[in-house]
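Chemist: Would you mind keeping the following structure in view while I ask a few things?
Each value in this text was obtained by applying a stated rule to the coordinates, not by laboratory testing. Please read all numbers here as calculations on a predicted model, not as lab measurements. Reconstructed Cβ throughout: ideal geometry from the backbone, glycine too, with neighbour counts over all protein chains shown.
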Amino acid sequence: TVDPSKLVLGLPWYGQLYKQIVAPINMGQIDYKDVVKAFDEGKVDKTSHDKDSLSKIINCHGDCKDGKSASKAWYDDAETLTPKFALAGKNKLRGVGMWKVDNLPTEDKHADLRTAMWKAVKDWQAVAAPPA
């Protein structure tokens, strides 16, 4: 076994795009800022949560991202990352991190989303982990 204090939990600041035919087909990644853009542009028909992964899911009318033929995206935001980062604290990991720090929306109107994402990282040891 590996000493937990030598491990860092890294989670992506992007999601995965899917095209639903009979079974879902992975169509690549979608940056968190592009998920936000899909909401801004009114492309999102429905939102839901996956109880197993604790991730959010959006269903879009048309494509969720221009140039990508996919009408569904699974992603994490500050709300879903917070309990995942808390697992690192609960299990006494060395720390947490993210992949693709440049995936946050840069528009002033989304400053609250940027702040929340950074707060989820900063507060990883202070938040209670979800029940097992």
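Chemist: Longer than 21 Å from Cα to Cα, which of Lys19/Lys43; Lys19/Lys65; Lys37/Lys122; Lys19/Lys46; Lys46/Lys68; Lys37/Lys84 are they? Say none if no pair is.
Modeler: Lys37/Lys122; Lys37/Lys84
Chemist: Relative to the Cα centre, what is the charge dipole magnitude of the chain, using +1 at the beta carbon of each Lys and Arg, -1 at the beta carbon of each Asp and Glu, and rounding to the nearest 20 debye?
Modeler: 420
Chemist: Where Lys and Arg each count +1 and Asp and Glu each count -1, what net charge lies around Asn59 among other residues with Cβ under 12 Å from its Cβ?
Modeler: Charge balance near Asn59 sits at +3.
Chemist: Further, regarding this structure: Any chance you could get the radius of gyration and Dmax over the Cα atoms of region 4-122, in Å?
Modeler: Gyration radius and largest Cα-Cα distance of region 4-122: 14.9, 45 Å.
Chemist: Something else about it: Which aspartates and glutamates, on any chain, are close to Lys119 with Cα under 15 Å apart, when same-chain ones fewer than 8 places away are left out?
Modeler: Reachable aspartates and glutamates: Asp76, Asp77, Glu79.
Chemist: So what is the diffusion coefficient of region 1-48 in µm² per second by Stokes-Einstein at 25 °C and 0.890 mPa s, using a Kirkwood Rh over Cα pairs?
Modeler: It comes out at roughly 182 µm²/s.
Chemist: A further question follows. Where both partners of a DSSP beta bridge lie in the chain, what percent of those bridges are antiparallel, to the nearest 5?
Modeler: Details: 20 of 25 bridges.
The answer is about 80 percent antiparallel.
Chemist: With runs of 4+ DSSP H residues as the only contributors, calculate the mean residue ellipticity of the chain at 222 nm using -39,500 (n - 2.57) per run, divided by the residue total and rounded to the nearest 500.
Modeler: Rounded to the nearest 500, the figure is -8000 deg cm²/dmol.
Chemist: So what is the relative contact order for region 4-122, in percent, with contacts set as C-alpha pairs under 8 Å and at least six apart? Can you show the working numbers first?
Modeler: Working: 213 pairs, mean separation 40.3, N = 119.
Value for region 4-122: 34 percent.
Chemist: Further, regarding this structure: Local charge sum around Pro83 (other residues, Cβ-Cβ under 14 Å, Lys/Arg +1, Asp/Glu -1)?
Modeler: Net charge around Pro83: -1.
Chemist: Give me the dipole magnitude in Debye, nearest 20, for region 8-54 about the Cα centre, with unit charges on the beta carbon: positive for Lys and Arg, negative for Asp and Glu.
Modeler: 60
Chemist: Going by C-beta contacts inside 10 Å, put Ile58, Ile21 in order with the fewest on the left.
Modeler: Least to most surrounded, the residues fall as Ile21, Ile58.
Chemist: I've got another one for you. At most 15 other Cβ atoms within 10 Å and a DSSP loop assignment: could you name the trypsin sites (Lys or Arg not before Pro) in region 23-132 that fit?
Modeler: Answer in residue order: Lys51, Lys92, Arg94, Lys100.
Chemist: Hey, fewest Cβ within 10 Å first, where do Leu113, Leu17 land in order?
Modeler: Leu113, Leu17
Chemist: Report the residue, chosen from Pro24, Pro83, Pro105, that carries the largest GNM mean-square fluctuation when the chain is represented by alpha-carbon nodes joined by springs under 10 Å.
Modeler: Highest fluctuation among the options: Pro24.
Chemist: Pairing the Cα long axis of helix 111-122 with the longest principal axis of the chain, what angle in degrees results, from 0 to 90 and rounded to the nearest 10?
Modeler: 30
Chemist: Continuing with the same structure: Any idea how far the Cα center of region 85-116 sits from the one of region 11-54, in Å?
Modeler: The two parts, judged by their Cα centres, are 18 Å apart.
Chemist: Right, here's the next one. Through the Karplus equation 6.51 cos²θ - 1.76 cosθ + 1.60, θ set to phi - 60°, convert the phi angles of region 6-12 into ³J(HN,Hα) values in whole Hz; use x for Gly and Pro.
Modeler: Here the 3J(HN,Hα) series is 9, 10, 10, 8, x, 10, x Hz.
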